[in-house]
């Protein structure tokens, strides 16, 4: 057995313990939160090594900021774990049930997934966040973070494992893959005898690599080429305000927009108002010919590639379209199926857009920035699924569960 | 673009049509049922070629029987399509919804999957069954049957596509991959730009090949190494009757049992009663040492490999276990997670078994043979999932759907 197979077998055993752990899971989570606080200094010391390595390898300021842990951030991690403990247990919910004509009583009940793998990049807080969510959902978790945060992740994982052991849980409820080579990532993606699901959290490159290499079931998350369509009947002030919010409130996240589509009949009035808002944050506009005819040559010509790009930056593609059908067509062609919004006062347009746009979250007259587990009221979020299988959109605790049928009889045969 | 990519792109366009087809889907299904009846002769003629090829290549009688179509069987296919038309539409159900504090009204609604791929083996009736279920669920389908049934499948698919065209639907709502090479199967498994999910229906070899090669999301179906555990407190007559039913009523199907585990305190009384039932159908028993000590040397010694084997035949492994924990341990080690049953009159044993056995369907005092979409009241079945993601156990129309969030506001920004 390889080291990862041994880790998988241990996780599978721990998962069997967790299947019936019930409310004791909360004791383990509180033990983890307290241990993170108690060992805050150790975590910071380990994190300093990562920061130093990052600086030496020329890591950008914004990445260094994501990587950096402070006493406040560690307190935030501990509180995050406590918040997960406070959520309702997603296991044991009866989803459906009835008595069949032959007297069999059948119930469909939520059960743990088993062993969950999480592959992620530079943020060390994901280590505790993801572990807490998986534990609460009754599953063991194998974590594989990026090499940039390996020292921080090792410190956090060791503290969590010790806390689990002290709370009477198998340490292997949480495990960290310490080998951060590409090979270990690929091996994890193919650990089909042990992993029930693998969730990648990170940029488009990571997601693509997982989808291409995985032999275990995967939930794709996070890439968001999101759109706002300004319909003929839109309230222009509302449109400009929503577009400004959806583009600039946090351009680096997946629910930020990348393209605005504007109905031709409203374009000459709407586009200058939209641009006026975007100018406040110096957003670069890349526009189609009609957009440039209205907004002038300061607008960069948009290419096919621009429409397909998730900029994650202060850049926005803009295209004037003939009608709502052309907008829906554009979205079908370029969207990653994350979040799209229509700004309209027309009932038929709102219904058509919500029916025909095939994305995880489809909005009328609201910012796409709301696509988030916390905002949707899920309590916490492990990621945002952009696939159609199992979970779509923000995933909370319920999306980390599976189900089984329990059938009770008194001797029935078929 | 390859031929399969073109097929995928066409299916994706057809899927967009189906997204909003609503009750018109039933017209298309009735058109298909009528066309199958009308062109029954053509199908039988094509089927005769498959039968002839099968005979020439030495196909077994039981496989030839599965392959063979008669007027009655084609009438059964047509009626199957009509039964699917009569089921409730799984699309547009509101799964959840509420108004958030900021006034956003959020709903989670079932939507079509998009494009579904089905890879299957020799039965030509799957061609119409699977197509009908996918259509009703609002998805386009790409079918890839086995080479043994290619002539039958081509005839059935052509008739369905023509019927769709006549009913005003895109023909590409249903497509058949006519190239039955291994290469075309592999290409289909990797058609990730077009397929939203791939469902293999067939033997363990096919399922394994799909899991190993697929880059699209897969729902594993069907392999069933199922168990009955006879607890200390079991009613012995009930146990013998259930075991007889679960082993012999149809040994070739996935919900038939392969191993019986018997508590040591009841073994000397229960095993002879069980054997007496099984002897009626000459079931070969492969037993552990304790089983052989009770039943005698006519029982073949069981090997590790026997416990891991899905015999799909009149063969049964039998093992005497020390207690319920040993039974649960055995099942955790050897089961494929399909269906298991405990025979008991003890409340705590029933609760422990249903909580701790991690399979899609867990029974108390009933035959595992009930694990079936029809028996569970799902109306029809596309297969039985043995994975934990998306669907577990029998899959009906609901399991062929995805969901999306629709959020309605009046200008909300974050």
Worksheet entry | Shielding by partners - mean other protein chain Cβ count within 10 Å, residues of B:354-365 | 6
Worksheet entry | Gyration tensor verdict on segment A:71-221 (Cα atoms; rounded if a/c is under 1.5, prolate if a/b is larger than b/c, oblate otherwise) | oblate
Practice prompt. Shielding by partners for B:397-406, please: the mean number of other protein chain Cβ atoms within 10 Å of each residue's Cβ.
Written response: 5
Worksheet entry | Percent of Cα-Cα distances greater than 25 Å, calculated over segment B:308-414 | 37 percent
Practice prompt. Restricting to the protein assembly as shown, compute how many DSSP beta bridges are antiparallel as a %, nearest 5.
Written response: 30 percent
Worksheet item: From the Cα gyration tensor of segment A:29-68, with a ≥ b ≥ c the square roots of its eigenvalues, which class applies: rounded if a/c is under 1.5, or else prolate if a/b is larger than b/c, or else oblate?
Response: prolate
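Relative contact order of segment B:162-296, please, whole-number percent, based on alpha carbon pairs below 8 angstrom and at least 6 residues apart.
17 percent
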Item to complete: Could you work out how far helix B:264-279 tilts from the main Cα principal axis of chain B, as a 0 to 90 degree angle to the nearest 10?
Response: 60 degrees
Worksheet item: Stokes-Einstein D for segment A:113-177 at 4 °C, 1.567 mPa s, Kirkwood Rh over Cα pairs, in µm²/s?
Response: 113 µm²/s
Worksheet, complete the sentence: Quick numbers on the protein assembly as shown, Rg and Dmax over C-alpha atoms in Å, give 28.5, 94
Worksheet, complete the sentence: Scattering profile of chain A from the Debye formula, Cα beads only, expressed as log10 I(q)/I(0) at q = 0.06, 0.07 Å⁻¹, is -0.29, -0.40
Response to the item:
homo-copy label distances at residue A:1 (7 angstrom along Cα-Cβ), nm, one dp, ascending, are 4.8
Fill in: Relative packing of A:164-173, A:382-391, which averages over residues the other C-beta atoms within 10 Å, highest first
A:382-391, A:164-173
Worksheet item: Given the alpha-carbon gyration tensor of segment B:189-245, what are the semi-axes of its equivalent ellipsoid in whole angstrom, ordered largest first, with each equal to the square root of 5 times an eigenvalue?
Response: 40, 10, 9
Worksheet, complete the sentence: Simple spin-label estimate for residue A:82/residue A:42, 7 Å along Cα→Cβ, in nm, reads 2.1 nm
Fill in: Residue among B:245, B:26, B:56 with the largest mean-square fluctuation in a Gaussian network model of chain B, springs linking Cα atoms under 10 Å
B:56
Response to the item:
Sorted shortest first, the nm distances from the residue B:323 label point (7 Å along Cα→Cβ) to its counterparts in the other copies are 7.4
Worksheet item: What's the extension gain from residue B:351 to residue B:60 if we count 0.36 nm per residue and subtract their Cα-Cα distance?
Response: 100.3 nm
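Over all residues in B:370-376, what is the mean tally of Cβ atoms on other chains that come within 10 Å of each residue's Cβ?
4
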Worksheet entry | Net length gained if the chain between residue A:147 and residue A:17 were fully extended (0.36 nm per residue, minus Cα distance) | 43.8 nm
Discussion item. Given Cα positions, please report Rg to Rh for segment B:226-294, the hydrodynamic radius being the Kirkwood one.
Written reply: 0.93
Worksheet entry | Equivalent-ellipsoid semi-axes of segment A:242-373, from the Cα gyration tensor, Å, largest first | 21, 18, 14
Practice prompt. Compute the long axis of helix A:347-356 from its Cα atoms, compare it with the longest principal axis of the Cα atoms of chain A, and write down the angle in degrees, 0 to 90, nearest 10.
Written response: 50 degrees
Worksheet item: Rounded to the nearest 0.05, what FRET efficiency is calculated for residue B:30 and residue A:333 with R0 set to 35 Å and r the Cβ-Cβ distance?
Response: 0.55
Item to complete: Take the alpha carbon atoms of segment A:1-72, find their radius of gyration, then divide it by 2.2 N^0.38 Å using N residues; give the quotient.
Response: 1.58
Fill in: For peptides A:103-109, A:255-261, sequence by mean Cβ density within 10 Å, most packed first
A:255-261, A:103-109
Fill in: Antiparallel %, DSSP beta bridges [both residues in chain A], to 5
30 percent
Worksheet entry | the protein assembly as shown - mean residue ellipticity at 222 nm from DSSP helices (-39,500 (n - 2.57) per run, n ≥ 4, rounded to 500) | -13500 deg cm²/dmol
Worksheet item: Between the helical axis of B:150-166 and the dominant principal axis of chain B, each derived from Cα atoms, what acute angle in degrees is found, rounded to the nearest 10?
Response: 40 degrees
Response to the item:
The orientation-averaged projected area of the Cα convex hull of segment B:46-158, in nm², is 8.7 nm²
Discussion item. Taking the square root of 5 times each eigenvalue of the Cα gyration tensor, what semi-axes in Å does the equivalent ellipsoid of segment B:170-287 have, largest first?
Written reply: 43, 14, 12
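None of the figures in this text is laboratory data; all of them are computed from the coordinates on show. What you see is a predicted model; the values in this text were computed from it and never measured. Because the Cβ atoms are built from the backbone with ideal geometry, glycine has one as well, and the counts that use them run over all protein chains shown.
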